[in-house]
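Remarks on the structure that follows.
Read-outs throughout are calculated quantities, based only on the coordinates presented, and are distinct from any laboratory measurement. Fair warning: this is a prediction, and the values are worked out from it, not measured in the lab. All Cβ positions, even for glycine, are placed from backbone atoms using ideal geometry, and neighbour counts span all protein chains on display.
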Amino acid sequence: MPLLGAHESISGGLHKAFDHIEQVNGECLQIFTANQRQWKAKELSPQDIELFQQRWQEMGTMPVASHASYLINLASNDPEKAEKSIAAFSQELIRCRQLGIELVVIHPGSHGGRGIEPGLTNVSQHLEQVLERSGALDSPLKILLETTAGQGTSLGSSFEELGSLLKATRYPEHLGICVDTCHIFAAGYELRHAEGYQKTMDALRAHVGLDKIHLFHLNDSQKDCGSRVDRHAHIGQGCIGLAGFELLVNDERFAHLPMALETDKGADLAEDRENLERLRALLK
């Protein structure tokens, strides 16, 4: 069965995220290693790293992924903004290596009106610079390019675009894909019934390769298929509905993969518990 979990807060310390995922009975975890709304992050102390790794060891073999800052735009054509993004993402990879995290999710970025092809070229070149600058080439770390909804000039809403990024880099072994259910649905990929789901997965296999998928984000969608609007909803309470998630969590091709919620939650994390319960009730 897939490993079902959630993105959790690091409030009070990075290691606290394990307390939160344990409270909701999660089997995988995604975190921000730093404030995602700031360019510069405080360096991790030896105590930060020790507490995190100790708590992780207590949780067993739980998969852990990091999500990079939303500020980073590797598709930028502006030299100053591009350098800022490369530096910030390099530091993210360095933090993840210090913590032992091997999966790092990032949005491909926005071409800002310059065009899809120039944007994709920028992303590919900047990813190579990040891998080289961070020292990650000597590690098993993988950068996971996240599927997007296609809002504005953002890249990554088509499987063709993601596939081209995987093929263009000199370091394909360090790249993979994170599939967000809300995002691909909003981008126009059907998930609600068996025929549409299979067509979507066939396209994903043809342009990306199912072996390149290392993580799923499980989010229902407030907006309909093809809306190109990224608005997450709780599982079964959006336009995808329970039927679509039943097809995914029972797809044997993804039975070994971590699948993390990114839905809104209160301080008591009740929403995470409820969403995970709904998903587990769909397992056959």
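Summary value for the chain: 18 percent relative contact order, contacts being C-alpha pairs under 8 angstrom separated by 6+ residues.
From least to most packed, judged by other beta carbons within 10 angstrom and beginning with the fewest, His193, His234 follow the order His193, His234. Of all DSSP beta bridges located in the stretch 1-133, what percent are antiparallel, nearest 5? Antiparallel: roughly 0 percent of the beta bridges in the stretch 1-133. Take every Cα pair under 8 Å whose residues are at least 6 apart in sequence, average their separation, divide by the length of the stretch 174-226, and the relative contact order is 61 percent. Mean separation of Cα pairs under 8 Å and 6 or more residues apart, divided by the residue count, gives the stretch 1-78 a relative contact order of 33 percent. Qualifying trypsin sites (Lys or Arg not before Pro) in the stretch 1-98, where qualification requires a DSSP coil assignment and no more than 14 other C-beta atoms within 10 Å, comprise Arg37, Lys40, Lys42. Taking chymotrypsin sites (Phe, Trp or Tyr not before Pro) as exposed when their DSSP state is a loop state and no more than 16 other Cβ atoms lie within 10 Å, the longest site-free interval of the chain runs over 71-284. The modelled label-to-label distance between Leu210 and Ser45, using points 7 Å beyond Cα along the C-beta direction, is 4.7 nm. Pairs of alpha carbons in the chain separated by more than 24 Å make up 48% of all such pairs. Listed from fewest to most Cβ neighbours within 10 Å, the set Leu191, Leu210, Leu204 follows the order Leu210, Leu204, Leu191. For the stretch 209-259, the list of trypsin sites (Lys or Arg not before Pro) that fall in a loop by DSSP and count at most 14 other C-beta atoms within 10 angstrom is empty.
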